[in-house]
1. Examine the stretch A:107-126 for a residue that is within 14 Å of A:E184 (Cα to Cα), in contact with a Gly (Cβ under 6 Å, 6 or more places away or on another chain) and modelled with pLDDT of 95 or more, and state whether such a residue exists.
2. Being within 30 Å of A:A10 (Cβ to Cβ) and either of a type in the set (A, V, I, L, M) or not assigned by TED's automatic domain parsing to the domain that holds B:Q280 (or both) is the filter here; which residues of the stretch B:195-218 pass it?
3. Would you pick out the residues in the stretch A:193-242 that are away from every other protein chain (no Cβ under 14 Å), over 20 Å from the mean Cα position of the chain (by Cα) and touching a residue at least 40 places away in the same chain (Cβ under 8 Å)?
4. Just checking, does the stretch A:246-255 include any residue being over 19 Å from B:G295 (Cβ atoms), over 20 Å from the mean Cα position of the chain (by Cα) and assigned to a helix (DSSP H, G or I)?
5. Residue pairs, Cβ under 6 Å, 6 or more apart or interchain, first in the stretch B:149-171 and more than 11 Å from B:A68 (Cα to Cα), second among the aliphatic types (A, V, I, L, M) and at pLDDT below 95. List them.
6. Hey, any hits in the stretch A:65-79 for a residue that's among the polar types (S, T, N, Q), within 19 Å of A:T129 (Cβ to Cβ) and either touching an Asp or Glu at 6+ places or on another chain (Cβ under 7 Å) or not in a strand (DSSP E or B) (or both)?
7. Taking A:A316 and the conditions (1) crowded, with 18+ Cβ neighbours inside 10 Å; (2) more than 7 Å from chain B (Cβ to nearest Cβ); (3) small (G, A, S), which numbered condition does it fall short on, given that it satisfies the others?
8. So which of B:A9, B:A22, B:A42 is away from chain A (no Cβ under 14 Å) and either in contact (Cβ under 8 Å) with a residue 12 or more places away in the chain or buried (at least 23 other Cβ atoms within 10 Å of the Cβ) (or both)?
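The values are calculated or read from the model by the stated rules, or taken from the named source; none is laboratory data. All of these numbers come straight from a predicted model, not from anything done at the bench. For neighbour counting, all protein chains shown are included, and Cβ atoms are generated from backbone atoms with ideal geometry for every residue, glycine included.
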2 protein chains.
Amino acid sequence: MKKIINDPAAFVDEFVDGILLAHPDLLKVPGDDRRILVRADAPVAGKVGIVTGGGSGHLPLFKGYVGAGLCSGVAIGNVFSSPSSQQVFEATQAVHGGAGVLYLYGNYGGDVFNFDLAADLAELEDIETRTVLGRDDVASQPKERKTDRRGVAGIFFAYKAAGAAAERGDSLEQVAAVAEDVVEHTATMGIGLSPTILPTTQQPSFDLPDGEMEIGIGIHGEPGIHRGPLETADAIADRLVPALVADLGLADGDRVAVLVNGMGATPLEELYVLYRRVHQILAAQGVTIARRYVGEYATSLEMAGASISLLALDDARLALLDAPARSPFFQEG
Amino acid sequence: MKKIINDPAAFVDEFVDGILLAHPDLLKVPGDDRRILVRADAPVAGKVGIVTGGGSGHLPLFKGYVGAGLCSGVAIGNVFSSPSSQQVFEATQAVHGGAGVLYLYGNYGGDVFNFDLAADLAELEDIETRTVLGRDDVASQPKERKTDRRGVAGIFFAYKAAGAAAERGDSLEQVAAVAEDVVEHTATMGIGLSPTILPTTQQPSFDLPDGEMEIGIGIHGEPGIHRGPLETADAIADRLVPALVADLGLADGDRVAVLVNGMGATPLEELYVLYRRVHQILAAQGVTIARRYVGEYATSLEMAGASISLLALDDARLALLDAPARSPFFQEG
């Protein structure tokens with residue numbers, strides 16, 4: 001195990017401590033439990049709060065997107081494990097500025113269970129909540145079951161847009177509608193080349209023979225739709241991008257935002273080799289890339305691999321992407 | 001080889017193409033050779049140009065630091081290989097706005113040879129140049145031979161400060177003095193846990209038995225000062241930080257900027273575990289961390305490992321760190 005860690009059982013608490021020590025101007029722990037982080041100025045009176053959360057091991061997801069123009073707070077689980085309902089509820093209380101709270105997180109059973117329980121607790125305290133699930137992984141379910149899809153890197157777009165809507169003073173209904181609209185127009189597919197090693201068990205998160213790739217892999221190593229010998233970057237993009245274009249129904253003249261996301265161990269250079277091909281494929285179809293993001297936005301510890309996300313754009317979505325935002329891991333404007 | 005690439009011989013050209021396709025608003029190729037990138041508004045009349053460069057495989061180093069408030073241009077070599085003198089010279093011509101050009105790059109033989117030749121070519125064209133070498137790797141040479149040290153991640157601080165000085169209109173002498181001052185007050189040490197695989201040869205960049213670490217490793221896998229069984233994150237920081245503190249002569253009451261840099265495959269979570277300990281060690285000595293940067297700033301493709309850099313701060317250096325800057329990979333203010 002080639003990890004720079006101390007006691008594996010302390011891994012999450014220690015990296016959260018590091019984040020807090022590094023960014024006291026941007027983040028704070030509202031109570032006694034450091035597994036709950038909120039933006040330093042939370043709660044913001046009169047504005048909708050946005051709470052996200054999920055398992056650890058995906059930095060900058062989820063804690064990285066807490067800040068002005070993004071999420072308001074996060075509940076932090078153990079590696080690849082949901083936070084507790086109590087933690088989600090405490091985050092909810094800490095960010096509620098009187099205008100209600102949106103729950104925006106990836107569609108995984110444990111998370112759904114705990115966020116739903118937290119919503120019940122919030123209701124008892126007269127805090128109104130809405131829930132929008134990231135479900136952008138097109139390989140996880142066919143289009144006719146798209147509401148069952150898992151959430152992966154494309155949730156970044158929903159954070160950015162919903163965060164901007166909350167910041168400008170939209171109501172809870174409006175912020176939820178913005179998030180839902182962006183989720184509806186986002187599609188992601190990933191490829192895995194090597195597993196991550198879980199810190200506590202020291203076991204690989206999945207098995208993949210050397211020299212093979214898994215197309216459509218999930219962010220925790222969930223099985224994809226094709227396994228075979230590793231192909232070239234162009235061949236990989238040629239598998240992923242048309243599937244996304246078809247899923248979103250993109251046509252000549254459409255505009256998109258592109259996210260080429262590294263899973264952890266894959267160098268930035270390789271992400272740009274992929275981006276080059278994404279650009280070529282979309283240009284050939286008359287689809288314009290209006291905004292692009294290339295880097296590590298949602299990882300799986302040291303997994304080698306990448307994902308490509310497309311967000312179909314209209315003027316409203318584009319304006320929300322361009323709104324100012326500031327967190328320890330993301331800055332716009 | 002678990003790489004998302006096409007023809008290994010085309011790797012550099014293809015990722016540079018990807019960068020250009022992604023960031024046409026920030027970067028341009030001034031001539032026919034795409035191995036030379038300059039900021040989109042180069043040359044900036046009346047201001048000092050800054051040219052950097054070196055081998056590929058270190059993104060965001062070097063191309064990532066070309067932009068307003070940073071470097072003006074970059075000459076891009078093959079993986080771990082110097083660019084040619086002609087490429088450096090063309091970058092020099094493209095960024096020369098009438099106020100001369102600073103060469104700011106890491107202290108490696110091939111790079112020094114080619115930048116020096118380019119300086120001769122520039123002189124023939126009446127373009128004045130100065131050279132400042134990044135030489136922050138304290139493990140590469142003892143303090144009494146510090147001018148022979150290699151340059152590693154700490155050059156980020158020199159880019160940031162010299163770029164800010166050029167942007168505010170400092171003369172070539174002044175910009176060079178700023179860069180030299182920052183280099184003089186920067187110290188870095190790294191740890192490697194696994195080698196990178198070179199795309200063309202498919203060979204590891206160095207040998208390191210499984211379960212071992214190399215303290216003081218260079219950015220291309222150059223030997224360090226200690227090899228042994230992998231230790232905990234805290235034990236690693238306890239080896240690195242005191243060496244940096246001693247090298248810089250830091251004392252109670254001093255202020256520093258800290259860069260905890262990932263070499264490629266090491267997750268951001270682990271960098272924050274390291275940062276936590278860096279903070280503890282410095283706090284115990286009365287040294288204040290005034291600014292901190294945690295992430296991938298200078299990599300070695302998919303090498304697992306990290307480095308810690310300290311910059312001793314005074315008010316002038318701090319102001320230069322805080323000045324606005326904008327490149328595809330770095331934004332301040």
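1. The answer is yes, given that some residue of the stretch A:107-126 is within 14 Å of A:E184 (Cα to Cα), in contact with a Gly (Cβ under 6 Å, 6 or more places away or on another chain) and modelled with pLDDT of 95 or more.
2. First, pick out the residues of the stretch B:195-218 that are within 30 Å of A:A10 (Cβ to Cβ): B:195-196, B:208-217.
Scanning the stretch B:195-218 gives B:L208, B:M213, B:I215, B:I217.
3. A:I225
4. yes
5. Between residues of the stretch B:149-171 that are more than 11 Å from B:A68 (Cα to Cα) and residues that are among the aliphatic types (A, V, I, L, M) and at pLDDT below 95, the close pairs are B:V152/B:I219.
6. Yes, some residue in the stretch A:65-79 is among the polar types (S, T, N, Q), within 19 Å of A:T129 (Cβ to Cβ) and either touching an Asp or Glu at 6+ places or on another chain (Cβ under 7 Å) or not in a strand (DSSP E or B) (or both).
7. Looking at each condition in turn, A:A316 falls short on (1).
8. Criteria check complete, one pass: B:A42.
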